[in-house]
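Below you'll find the structure, written out as structure tokens, and then a few comments.
Just so you know, all these numbers are worked out from the coordinates, no wet-lab data involved. Everything numeric here is computed off the predicted structure, so don't read it as measured data. Cβ atoms come from the backbone with ideal geometry, glycine included; neighbour counts cover every protein chain shown.
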Amino acid sequence: MNDLPFGFGESDDDPDGKNGPSMDPFAALGGADLGQMLQQLGRMMSAGGDGPVNWQLAQETAQQAISAGGDSPVSPEQRDAAAEAVRLAEMWLDPATAFAATATSGVAWSRQEWVTGSMPTWRRVIDPVAERMAAAQLDALPEQVREMAGPLSQMMRQLGSVMLGAQLGQGLAGLAGSVLTGREVGLPIGPDHTAVLLPGAIDGFAAEHQIPADEVRLYQALRETAWMRLFGHVDWLADELVAGGVALVSGGS
């Protein structure tokens, strides 16, 4: 029976314990593994900046999840096919709508590229909401508790930023596995004046439903470019979404 106190154990160089217990406080809980976890957590907290969401962690988490599930790079043929589908879609839309064309080119993205390309939009929409949520949680605490927690408030904020970043990363990875175009989620994701198609997802959808891939690609190009025409000049779209999210968190109307 090991009578060593909790947190101590035999040294790896002294398995019989002849030289006394190891002074590693993490030895009883896995030793180096726990220490590495804490070091990694510290690096994530320090790398997250002062914002309400650790976006570096969100992107890394999403990319790791996508890599684990498989994500094929886009081939030159797929990029050419995406550009041609967007060009044809704009030709079809010209006589069918009064809105001027806004897509000057079409690109093909992998799931990884969709995550990277969508980050600026997510930050614009989510940061104000997350900031208000953090403030609301602090405001809900009794005054005495807020005063006592004052020295720890920055650490709590950083920890919340890490948690949100990890959760968002997992969510973005799942979303990247379901979208077929850049703006399918209803937000202006992707470069200005550029229609985005995800050929890997389009090919998978076509195979699942036994539809020719070129027909699905053209249909999705039509949806993408029509969305861009409709909302191309509505600069307040994301601002309205942000305001609505903040009002919801604040309990307003």
Gyration tensor (alpha-carbon) shape descriptor, segment 177-222, a/c threshold 1.5 = prolate
Separation between the Thr116 and Ser67 pseudo-spin-labels, each 7 Å from Cα along Cα→Cβ, expressed in nm?
-> 1.2
Computed lengthening from Arg123 to Ser105, 0.36 nm per intervening residue step minus Cα-Cα distance = 4.0 nm
For segment 198-214, in order, what is each residue's ³J(HN,Hα) by Karplus, 6.51 cos²θ - 1.76 cosθ + 1.60 with θ = phi - 60°, in whole Hz (x at glycine and Pro)?
-> 10, x, x, 5, 5, 5, x, 5, 5, 5, 5, 9, 6, 10, x, 4, 5
Which stretch or stretches of segment 193-209 have amide N atoms under 19 Å from the point lying 7 Å from Glu77's Cα along the Cα→Cβ direction?
-> 197-208
His193 versus Trp92, label points 7 Å from Cα toward the beta carbon: distance in nm?
-> 2.4
If you stretched the chain out fully between Ala136 and Tyr219, how much longer would it get, using 0.36 nm times the residue separation minus the C-alpha to C-alpha distance?
-> 25.5 nm
Added length on full extension, which subtracts the Cα-Cα distance from 0.36 nm per residue, Glu84 to Ser178 = 31.6 nm
